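Worksheet: one structure, shown below.
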Amino acid sequence: MIKKKGFAITMVVLLLMVAALAGCSGGSSSSDGSKELTFMFRGGTDEQKAYKEVIKKFEEEHPGVKVKMVVTAADQYATKLRAAITGNNLPDIFYFAPGDVKAYVNSGVLKNLTPYIEKNKDIKLDNIWKYGIDLYRYDGKMAGQGDIYGMPKDLGPFALGYNKTMFEKAGVPLPDKDKPYTWDEFIKVNQELTKDTNGDGKPDQYGTGFNVQWALQAFVWSNGADWLDESKTKVTIDDPKFAEALQYFADMQNKYKITPGIEQSQTLDTYQRWMKGEMAFFPVGPWDMSTFEKLPFEYDLLPFPAGSTGKSATWIGSLGIGVSSKTKYPDEAVELVNYLTTSKEGMKQLVDAKVQIPNLLDMADEWSKDTKTKPNNKQEFIDIVNDYGRSLPGNYTYNAEWYDIFFTDIQPVLDGKITAADYVKQEQPKMQKLLDKAVEQEKKSQK
Amino acid sequence: MITKSNLYRKEKVYGYLFILPPILGLLIFTLFPFVYSLYGSFTDWDGLGQMNFIGLDNFKDLFSDELFYKSMYNTLFLMLGIPIGLVLALLLALGLNRKIPGTTTFRVIYYIPVISSLAAVSIMWNWAYNGDYGLVNQFLEIFGIKGPNWLMDKDTVKPALILMTVWKGLGYTMLLYLAALQSVSRSYYEAAELDGASGFQMFRNITWPMVKPVTFFLVVTNIIGGSQIFTEMNIMTPTGGPEYSSASIVFYIWDKAFKNLQMGYASAMAMILGIFIFIVTLIQFKMNEKSSFDGD
């Protein structure tokens, strides 16, 4: 009896050990001898679906290569990637933020793609957004120049959308797509469109509802201010022009009451209000196109209202696709990156899925002229990339802690509890301290 | 004699085999990361590249780090939920320990949050706390109360989190108390009744001391768990809440380590947290020793 029991116990222990050890190893060669690549990415459901289709096509065209996809929720992605790097368990191909290029190159995480791209005569770099490629260049000192460490998955110009149907219903003249509103005009139009439609004394149709973290930039920049100076080492939010823009932003809620009040200002709310057709203006990214196509109203794009510079401004987001410096199959991995970012076949599928604007210039040109699909004024996206879009301030520095804290502390300004002028004065030294730390960290990582 | 010692030796081997898996697990998943992190706390490691030894600099920086104190304070503040949860759970357990119909149903109802995924529960409460269409404010509206925007206001975000964690842990605590209550021999109460003790006297002198080991266990585990609270705020206030008012210490560690490339600094904080938990637990064990009730 005892013997039998002992055998069983030993087996269980062995099994447990095997299971524990198997968990540690990360093989990348699949059982049937084909080369297996791991691709880690993120995106909404429509995006995921589109990428799955493209990868399927890639596998068909490249027999012997299998792609294993790892998808995570957007807000979990960065953590998961960092954990994979720390744990030395990086996927072969992965998304990364342009702001991380310096850190990842300095620590040898990313593979230099330049030789592979130069070797491949199908890739014409001058047919891809220069802005997009430059985001992933780094020469060891300055970002924006030198070798290429990633290819832009896409560019995400953040445009302003408006509910055309609502304008027509209210008899308000449609905005001019070539001439941005001034700030005063913008308030006026919003006031006309903020309405109590069911007569309960509370408005249930609003002009706008901006999330401060993603929309304040448009107002600050168009007023001639910025978070950072030229050298990217000094925090410049204590500029009066900056305070003016921030105050304007807060006043939209507190003074002009054209956005849902404090109680209703959560992002989810404004997004859903827009989707329900209860909001006149709302920012639109290219990734929204597939979702917004099904909206029960007509919408279109226009430039953000312009501050004292008289010029509209907004940001361009981007994610790069990079290759791990430790990948077993660099050729195949780069091939996949190229397929997703520069090949006609891959790009066409992604653009048709309405999750991004084309990476290829000629394709973008043709795409923007198509006025049969929503939004009509796709040219606005292209104009942002070509003319006036900028990178988010956090992208220029080694980490974005100094930038994040600005938004962490901002609620009292939005609630009207303190003025923008006081806020920028109180916040600047705090941010400067963190920025100094980031600059110091960057210097250390370079040697 | 020889056979007996053989059997003994054999059993010893089995004994070791039995404890081998958890010990291996402890070595691989606890001790190794602990030592690694301990070393990391003396370096400027960014989590990516090489580690440079910088001595105690991280710890020195910690003392002047406003957010470190803030997140420590937040963590301690959220622990207010522990006594509240214990009292509520004990009351519930006392109620459900009576022979009245329907207790089983209630036990199940109170236990459901415990078995639900913390992430799912957090998302659900996130909706409930929404200032505009949230369930909580809609409920308050019935009484004519205009509820705040719970998670966006630095004054209400912590109470909101406490309410949720109490709700989530109630079933577990209640179940342990229930088990403890049921193991109290009826004979004590019968004797007390004969002596003419009131209900409250019985509770104070019999029930409370008898469930003390459970209370002790719960306080220790709750404080350890409470110091490490993370998922709730990570989902409900992903940026640490208005003015970082809902960020716990683990949230701050995670923020530094994975978002801001300061793994060494984060390790130093983790060490401080570890020492804190160790000391608090030690104190509790000492206190429990002193006033221990001999249950038999």
Q: For the stretch B:274-280, take each phi angle, set θ = phi - 60°, evaluate the Karplus expression 6.51 cos²θ - 1.76 cosθ + 1.60, and give the result in whole Hz per residue in order, putting x for glycine and proline.
A: x, 5, 4, 4, 4, 5, 4
Q | Calculated log₁₀ intensity ratio I(q)/I(0) where the Debye formula runs over C-alpha points of the stretch B:149-203, q = 0.19, 0.20, 0.27, 0.28 Å⁻¹ | A | -0.75, -0.78, -0.98, -1.00
Q: Quick one: dipole size for chain A, taken about the Cα centre, charges +1 on Lys/Arg Cβ and -1 on Asp/Glu Cβ, in debye to the nearest 20.
A: 1720
Q. Aspartates and glutamates near A:Lys66 by alpha-carbon distance under 18 Å, same-chain residues fewer than 8 away left out - which ones?
A. A:Asp32, A:Glu36, A:Glu53, A:Asp92, A:Asp331, A:Glu332, A:Glu335
Q: For a footprinting-style exposure proxy, rank B:Phe59, B:Phe139 by other Cβ within 10 Å, fewest first.
A: B:Phe139, B:Phe59
Q.
Among A:Ala280, A:Gln247, A:Ala170, whose Cα projects farthest towards the positive end of the dipole of the stretch A:144-285, with charges put on the beta-carbon of Lys, Arg (+1) and Asp, Glu (-1)?
A. A:Ala170
(Q) As a quick test, which of the pairs A:Lys130/A:Lys437; A:Lys68/A:Lys102; A:Lys437/B:Lys70 have an alpha carbon distance above 29 angstrom in this structure? (A) A:Lys130/A:Lys437
(Q) Output the 0 to 90 degree angle, nearest 10, between the alpha-carbon long axis of helix A:330-341 and the longest principal axis computed from the alpha carbons of chain A. (A) 20
(Q) Check which residues have an amide H placed less than 5 Å from A:Ser318's amide H, if you skip close sequence neighbours. (A) A:Gly156
Q: Report ³J(HN,Hα) in whole Hz for each residue of the stretch B:166-174, in order, from the Karplus equation J = 6.51 cos²θ - 1.76 cosθ + 1.60 where θ = phi - 60°; Gly and Pro get x.
A: 5, 4, 5, x, 4, x, 5, 4, 4
Q. From the phi of every residue in the stretch B:217-229, what ³J(HN,Hα) in whole Hz does the Karplus formula 6.51 cos²θ - 1.76 cosθ + 1.60 yield, where θ is phi - 60° and glycine or proline is x?
A. 4, 5, 4, 4, 5, 5, 5, 4, x, x, 5, 9, 4
**Q.** Helix A:420-446 vs. chain A, principal-axis angle (Cα, 0 to 90°, nearest 10)
**A.** 20
Q.
Of the candidates A:Leu319, A:Leu336, A:Leu216, which one comes out as most mobile in a Gaussian network treatment of chain A with C-alpha springs shorter than 10 Å?
A. A:Leu216
Q: Excluding residues on the same chain fewer than 8 positions from B:Lys168, give the aspartates and glutamates whose Cα lies under 18 Å from its Cα.
A: B:Glu232
Q: Name the most mobile residue of A:Thr397, A:Thr79, A:Thr419, meaning the one with the largest mean-square fluctuation, in a Gaussian network model of chain A with Cα contacts below 10 Å.
A: A:Thr79
(Q) Under the rule a/c < 1.5 gives rounded, and otherwise a/b versus b/c splits prolate from oblate, where does the stretch B:155-296 land using the Cα gyration tensor? (A) prolate
Q: Sequence neighbours fewer than 8 away in the same chain don't count; with that in mind, list the aspartates and glutamates whose C-alpha is under 18 Å from A:Lys444.
A: A:Asp100, A:Asp139, A:Glu401, A:Asp436, B:Asp44, B:Asp46, B:Asp57, B:Asp61
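Using the 10 angstrom Cβ neighbour count as an exposure proxy, how do A:Ile384, A:Ile85, B:Ile54 rank, fewest first?
B:Ile54, A:Ile85, A:Ile384
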(Q) To test your reading of the geometry: what angle, between 0 and 90 degrees and rounded to tens, separates the Cα axis of helix A:212-222 from the longest principal axis of chain A? (A) 60
**Q.** Relative exposure of A:Trp315, A:Trp274, judged by other C-beta atoms within 10 Å (fewest first)
**A.** A:Trp315, A:Trp274
Q. Taking the inverse of the average 1/r across all pairs of different Cα atoms in the protein assembly as shown, what Kirkwood radius in Å do you get?
A. 29.6
Q. Let a ≥ b ≥ c be the square roots of the eigenvalues of the Cα gyration tensor of the stretch B:63-288; is it rounded (a/c under 1.5), or, if not, prolate (a/b larger than b/c) or oblate?
A. oblate
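All of the numbers you see were taken from the coordinates with simple rules; none came from a lab. Remember, it's a predicted structure, so these values are computed and weren't measured experimentally. Cβ: placed from backbone, ideal geometry, glycine included. Neighbour counts: every protein chain shown.
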